[in-house]
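Each remark here refers to the structure printed beneath this line.
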Amino acid sequence: MAAAAAARCPGGRWVLCLCLCAALLPRPARGLSDRLYCGRRVCYEVLGVSRQASKAEIARAYRQLARQYHPDRYRGEPAGGEGSGAQAAHEKFLLIAAAYETLKDEETRKDYDYMLDHPEEYYRHYYHYYSRRLAPKVDVTIVILVTVCAISVFQFFSWWSSYNEAINYLASVPKYRIQATEIARQQGLLNKTKEKGKNRRSKEEIREEEEEIIKDIIKNKIDIKGGYQKPKIYDILLFQILLAPFYWCKYIVWYCWWIYCFTIKGQEYGVEEKLYIIRRYMKMSQSQFDSLEDHQKETFLERQLWIRENYEVYKREQEEELKKKMAMDPRWKRYRRWMKNEGPGRLTFIDD
């Protein structure tokens, strides 16, 4: 009937269009949800301020309402228009606190104002609301820094423990212990432990001091490499991260130098370059390669293992030698015998 009336009236169509547009336009209150911010109430109305209110006005309104509805200050008088009683005052205070938490922060207030102006984007509102509520309160950078420092401290002391274990083991090996004892006697370090008179010490104290002298000599005379080498502060994770840009620049410069010298100019490899290529073929780290004996490295150079064909021949020889050792190993023979007779593919019955 409204359409028929609009057809009879010349300006009725425009009025009908305006009414439909007004009905379809989203209203701010329509986008409010019970789970977001102040629920179905507008936070500005809860605090009794306008949307143009400053942070000082919002804080002032919150303090006034908090003093009025705080549960500790409530003494049984009516709580206001929302009802009466302690429960109503408590609920009113929670609503006031939620409104203040929403409007006191600039970013949260901006999201809330956007929700009032664009109620149809409810998925976006849910995302921004819960992303801010569930976001960690501590700065992620601080968490990462503390974690890296903790790992670095644990790493450093773990390396020191491994290094001390290696020193204790070497001090118990007769070969190194005899050499260290001889050096200590030549330097006159062991003679100082034998004192007489009032300064005379027990045999246990003298033995402990001699043990420390021998360990100190082993530390100074033996260069331990590999996983038990003496820890360096620059090898821990924290310094590795801080020095990463320097290492990257150094590697780029070195790589450009390598391309220029050996690819463009065609220079011959030096000893260090040959050992580097051999280490890359063997897929060993620098610390693992440094832990090898010097005569092994000399053998690598004599056999010219920096040449790919020579290295493949050497690799096959090592594999064949390993197979022969395993074939001659009694433990490996017992294992093969067990796999043949009583392996996982057989059912055996044991007669008691």
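Dipole check for the range 230-313: with +1 at the C-beta of Lys and Arg, -1 at the C-beta of Asp and Glu, and the Cα centre as origin, the magnitude is about 320 Debye.
At a 1.4 Å probe, what is the % contribution of carbon and sulfur to the accessible area of the range 98-169?
Working: 3140 of 4920 Å².
For the range 98-169, the apolar C and S fraction of the accessible surface comes to 64 percent.
By the Stokes-Einstein formula, at 0.890 mPa s and 25 °C, the range 268-340 with its Kirkwood radius over alpha-carbon pairs has D equal to 174 µm²/s.
Considering all projection directions equally, how large on average is the shadow of the alpha-carbon convex hull of the range 206-337, in square nanometres? The partial results should precede the final answer.
Values: hull surface 56.5 nm².
Hull-based average projected area comes out at 14.1 nm².
Summarise the accessible area of the range 268-340 (1.4 Å probe, protein heavy atoms) by the percent that is carbon and sulfur. Exposed carbon and sulfur together represent 50 percent of the surface.
Please list 98-108, 257-267 highest first by mean number of surrounding beta-carbon atoms within 10 Å per residue.
For the peptides 98-108, 257-267, the packing ranking is 98-108, 257-267.
Using a probe of 1.4 Å on the protein chains alone, the accessible area found for Leu145 is around 100 Å².
Here the contact order of the range 268-340, divided by its residue count and restricted to Cα pairs under 8 Å and six or more residues apart, works out to 25 percent.
The values are calculated or read from the model by the stated rules, or taken from the named source; none is laboratory data. Everything numeric in this text was worked out from a predicted model, so none of it was measured. So basically every Cβ, Gly included, is an ideal-geometry build from the backbone, and we count neighbours across all protein chains shown. The accessibility values were calculated without ligands, DNA or RNA, using every heavy atom of the protein model including side chains. Shrake-Rupley method; radii C 1.70, N 1.55, O 1.52, S 1.80 Å.
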